[in-house]
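This report refers to the structure that appears directly beneath it.
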Amino acid sequence: MFCLTSVTTRLGHGSSANGNDNKKFKGDRPPCSPSRVLHLRKIPCDVTEAEVISLGLPFGKVTNLLMLKGKSQAFLEMASEEAAVTMVNYYTPVTPHLRSQPVYIQYSNHRELKTDNLPNQARAQAALQAVSAVQSGNLALPGAPSSEGTVLPGQSPVLRIIIENLFYPVTLEVLHQIFSKFGTVLKIITFTKNNQFQALLQFADPVNAHYAKVALDGQNIYNACCTLRIDFSKLTSLNVKYNNDKSRDFTRLDLPTGDGQPSLEPPMAAAFGAPGIISSPYAGAAGFAPAIGFPQAAGLSVPAVPGALGPLTLTSSAVAGRMAIPGASGIPGNSVLLVTNLNPDLITPHGLFILFGVYGDVHRVKIMFNKKENALVQMADANQAQLAMNHLSGQRLYGKVLRATLSKHQAVQLPREGQEDQGLTKDFSNSPLHRFKKPGSKNFQNIFPPSATLHLSNIPPSVTMDDLKNLFTEAGCSVKAFKFFQKDRKMALIQLGSVEEAIQALIELHNHDLGENHHLRVSFSKSTI
């Protein structure tokens, strides 16, 4: 990751913006702090403005765009920093593709794009206007592919997929991995109808759906079987209520799993063999191992077996089916996070336990003995690790922008007896403060991104508004607003000066003893006061 330092009107000039200079991107520069302006590298030279804009659409309104086609770069401005952070966190484990080529996204150090006086901006502005029209469902996107039919006005971003000759199970993760090569996949619903396995899959943009249909209709996922038949759906948007192995909304990781079914049904798990063995997951069928694959270049290459997709191996996370977002970097199904860029003077294992515990049950925390700005956090499972990474990476904590990625370690080791540790490794597996121990706990439905407004609960009757305001003020927060819930005075909302203040207050005051055997419960709220 790197930051650009040139002035806005010279965006992209200078060695720091040289898209081909890969050595510059290996982490020898400090990571940029979050900005609503994003810098995109390695974009294909023939890509349209609309296609670049489509990368940002699922995460919020795109307010400006600057294309630097000669440098294979672009700058995308989102309406809010929060939208930009969500977008970067989504695309960190799942590299986006434009025209089947991987594109790299990072924060720019520009706070906004000033493009009024730049030449060649008319097309970008026209594309932005057209996109808002498309979102209201009445216009085709400019720059849509002209070969093999164009995107019709009002054409749906939702594809209906029927899989014929279903010799092997096809999971939701397999579909996501194949179709996300064509653009951002927002939602997938799978079901069986008329004895056929079918799926509805919603792209961020009708253009992505068009490309996917043209390239994939009639192709086989595995050698000589699992044939894709693809049409446009009459639906223009999917309503996903549960995130499980049958349906998934990739923009809403807070959805419940529904009836608590396991990620894979037992017969399907048996067909896959032991999770994590992807080379040939079909025991006894080594000679018929699937050539799951995908062409990297536009236009399908013809593999050895006619009609099978090219040579892309699926990650074992897609087989195990347990990742919140498939294709995540690091070891698939891993529940250990590497957290970097911490403030070594203020961070403690307990502080990380409380913060990461908002998104799952933290079993162990280890702050590195020789590099105290780095830590390992072991969550209860890979889903919770993914959730914590998505919500917390890019947030500010004690003056530094926290980074979280999947670790190569499978578990956090406790120090051996007599080994010097200075209390930097802690085991929290039996802590009474876990939020998600109870199956079906309401806490699963109240997982929200960090926000300046905190939800307080378990407040005893004797504690007043002033008591609580003073408590937060003494913790170094500026209290902007406060209100008790009308129907239940045990709960309240408190709005602080910034998201960073709220994160620090949650670490410090969650489980604070309010007397009368009541300990304060603190979580992030989706509401504002």
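Would you work out if segment 396-506 is rounded, prolate or oblate? Take a ≥ b ≥ c from the square roots of the eigenvalues of the alpha-carbon gyration tensor; rounded if a/c is under 1.5, else prolate when a/b is larger than b/c, oblate otherwise.
Because a/c hits 1.5 or more and a/b exceeds b/c, segment 396-506 counts as prolate.
Calculate one ³J(HN,Hα) per residue across segment 515-528 by plugging θ = phi - 60° into the Karplus curve 6.51 cos²θ - 1.76 cosθ + 1.60, and present them in order as whole Hz with x for glycine and proline.
Whole-Hz 3J(HN,Hα) from phi for segment 515-528: x, 6, 6, 10, 10, 5, 9, 10, 8, 6, 10, 8, 8, 10.
Would you calculate the separation in nanometres between label points at Asn443 and Glu112, each defined as 7 Å from the Cα along the Cα-to-beta-carbon direction?
4.1
Could you give me the ³J(HN,Hα) list for segment 96-112, computed from phi with Karplus coefficients 6.51, -1.76, 1.60 and θ = phi - 60°, whole Hz, x at Gly and Pro?
Karplus values, whole Hz, x for Gly and Pro: x, 10, 10, 6, 6, 10, x, 10, 10, 10, 8, 6, 8, 8, 7, 7, 8.
With the Cα gyration tensor of segment 389-430 giving a ≥ b ≥ c as the square roots of its eigenvalues, does the rule (a/c under 1.5 for rounded; else a/b larger than b/c for prolate; else oblate) give rounded, prolate or oblate?
Prolate, because a/c is 1.5 or more and a/b exceeds b/c.
Kindly flag which residue pairs out of Lys114/Lys181; Lys187/Lys442; Lys69/Lys114; Lys181/Lys213; Lys213/Lys234; Lys187/Lys438 have an alpha-carbon separation exceeding 21 Å in this structure.
Lys114/Lys181; Lys187/Lys442; Lys187/Lys438
In sequence order, what are the phi-derived ³J(HN,Hα) couplings for segment 384-394 according to the Karplus relation 6.51 cos²θ - 1.76 cosθ + 1.60 with θ = phi - 60°, rounded to whole Hz, with x for glycine and proline?
5, 4, 4, 4, 5, 4, 5, 7, 9, 5, x
List the aspartates and glutamates whose alpha-carbon lies under 16 Å from that of Lys372, not counting same-chain residues fewer than 8 positions away?
Asp345, Glu420, Asp421
Label points 7 Å out from Cα along the Cβ direction at Ile162 and Thr236: separation in nm?
Between Ile162 and Thr236, the simple spin-label model gives 2.6 nm.
Using a Cα-Cα cut-off of under 14 Å, which aspartates and glutamates could be cross-linked to Lys490, ignoring same-chain neighbours fewer than 8 residues away?
Correct list for Lys490: Asp467, Glu516.
How far apart, in nm, are two points set 7 Å out from the Cα along the Cα-to-Cβ line at Thr95 and at Asp46?
2.1
So, taking all protein chains as they sit and a 1.4 Å probe, how much accessible area belongs to Lys426, in Å² rounded to tens?
Ignoring ligands and nucleic acids, Lys426 comes out at about 90 Å².
The values are calculated or read from the model by the stated rules, or taken from the named source; none is laboratory data. Since the structure is predicted, the reported quantities are computational estimates derived from the model, not experimental observations. As a convention, Cβ positions derive from the backbone with ideal geometry for all residues, glycine included, and neighbour counts pool all protein chains shown. For accessibility, only protein heavy atoms count, side chains too; no ligands or nucleic acids. Shrake-Rupley method; radii C 1.70, N 1.55, O 1.52, S 1.80 Å.
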